[in-house]
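Heads up, the thing below is written out as structure tokens.
The values are calculated or read from the model by the stated rules, or taken from the named source; none is laboratory data. All of these numbers come straight from a predicted model, not from anything done at the bench. Quick reminder, even Gly has a Cβ in these numbers, built from the backbone with ideal geometry, and neighbours come from all protein chains shown. For accessibility, only protein heavy atoms count, side chains too; no ligands or nucleic acids. Shrake-Rupley method; radii C 1.70, N 1.55, O 1.52, S 1.80 Å.
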Amino acid sequence: MSKSSPELYFHVGLGKTASTFLQDRFFPKLKGIHYTPSNIYRFFPKIIKKGSYDRYLFSREFDRQFYDETQKIADISPDTNIIIILRKHDSWIASQYRRYVKNGGKQDFEQFIDLEKDQGAWKQKDLYFYPMLEFIKEKFTKQPLVLFHEDLKKDQKSFLDRIANYLKAEYNISDINLNPKHTAYSDHQLQLVKRYSPIDKDNETHYSNRIWTFITYRSKWIINHLVLYSANLIPKSKHENLVSVEHQKRINTFYQEDWNRCIDFAKKYSA
């Protein structure tokens with residue numbers, strides 16, 4: 001028999017912090033809580049209202065949609081337990097940039113996150129994590145679980161144990177495939193997509209029709225991946241670094257205070 005008000009847990013991202021690994025390999029293996037796959041996440045209000053289970057876990061990686069989407073959760077239940085995973089700003093935005101290029105983005109890394117004029121595809125405000133933590137603290141009554149991606153890389157088992165303990169769930173480590181979820185595309189491949197793909201993500205047309213959106217998305221996906229997989233036929237250049245190390249250092253300096261505040265927040269308020 002399910003409770004009238006089920007116990008809710010939401011993993012709200014961020015993207016590029018092992019979200020796909022958790023959604024595909026870890027969360028489905030948990031025992032003692034019902035995990036709803038991310039591909040039907042948008043139906044979470046109906047799923048909760050139906051109340052077939054006592055305890056629910058939902059997962060969806062929010063980045064620039066964080067405040068709007070997290071507010072929707074708070075509107076339904078401010079007693080929700082929130083899980084959020086953060087990653088050092090410089091490596092996080094570099095990973096976001098690689099995805100941007102893979103999907104047809106044309107801006108250089110220094111343009112993508114512009115620390116001087118703030119005219120890039122991603123804005124400076126999009127990289128401030130501490131306000132996200134303050135938002136969670138303000139909107140929800142339960143103590144959140146704040147984790148850091150770097151800790152997953154150091155000790156996978158301890159990282160997963162912290163999540164399982166927060167969820168009051170169990171799992172067998174032998175059931176979890178701990179190998180990397182995706183093999184990263186090389187700088188050579190991504191440079192070729194950036195240079196030769198006819199897709200321009202910054203000037204793409206958005207459609208209200210979901211079916212047409214899916215068709216156009218898959219068409220672009222096929223075109224870009226044809227370029228990616230043809231890269232081995234093209235000689236490599238000596239200078240093919242997609243992400244400027246110097247710009248990463250500037251990003252790290254720019255957001256250092258924000259990162260320090262996130263660490264302090266986790267020490268004080270994280271479960």
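Numbers at a glance
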read-out	value
Unmet criterion (only one of (1) surrounded by 15 or more Cβ atoms within 10 Å (Cβ to Cβ); (2) at pLDDT 95 or above; (3) within 20 Å of the chain's Cα centre (by Cα); (4) under 30 Å from GLN191 (Cα atoms)) for VAL101	(2)
Flag for ILE40 being modelled with pLDDT of 95 or more and of a type outside the set (D, E, K, R)	no
Residues of segment 219-238 satisfying the condition of being open to solvent by 80 Å² or more (accessible area, probe 1.4 Å) and either within 20 Å of ARG99 (Cα to Cα) or hydrophobic (A, V, I, L, M, F, W, C) (or both)	TRP221, ILE222, LEU226, TYR229, ASN232, LEU233
Residue tally, condition β-branched (Val, Ile, Thr) and modelled with pLDDT under 75, over segment 160-216	5
Test: GLU116 is more than 27 Å from LYS49 (Cα to Cα), part of a loop (DSSP other than H, G, I, E, B) and of a type in the set (D, E, K, R)	yes
Residue count for segment 61-74, restricted to those that are touching a Lys or Arg at 6+ places or on another chain (Cβ under 9 Å) and at pLDDT 95 or above	5
Qualifying residue in segment 18-31 (condition: open to solvent by less than 60 Å² (accessible area, probe 1.4 Å), touching a His at 6+ places or on another chain (Cβ under 6 Å) and on the phi < 0 side of the Ramachandran plot)	no
Near pairs, Cβ below 9 angstrom, 6+ apart or cross-chain, from segment 118-133 (more than 17 Å from GLN248 (Cα to Cα) and open to solvent by 20 Å² or more (accessible area, probe 1.4 Å)) to any residue that is assigned to a helix (DSSP H, G or I) and among the basic types (Lys, Arg)	TYR130/ARG261; PRO131/LYS125
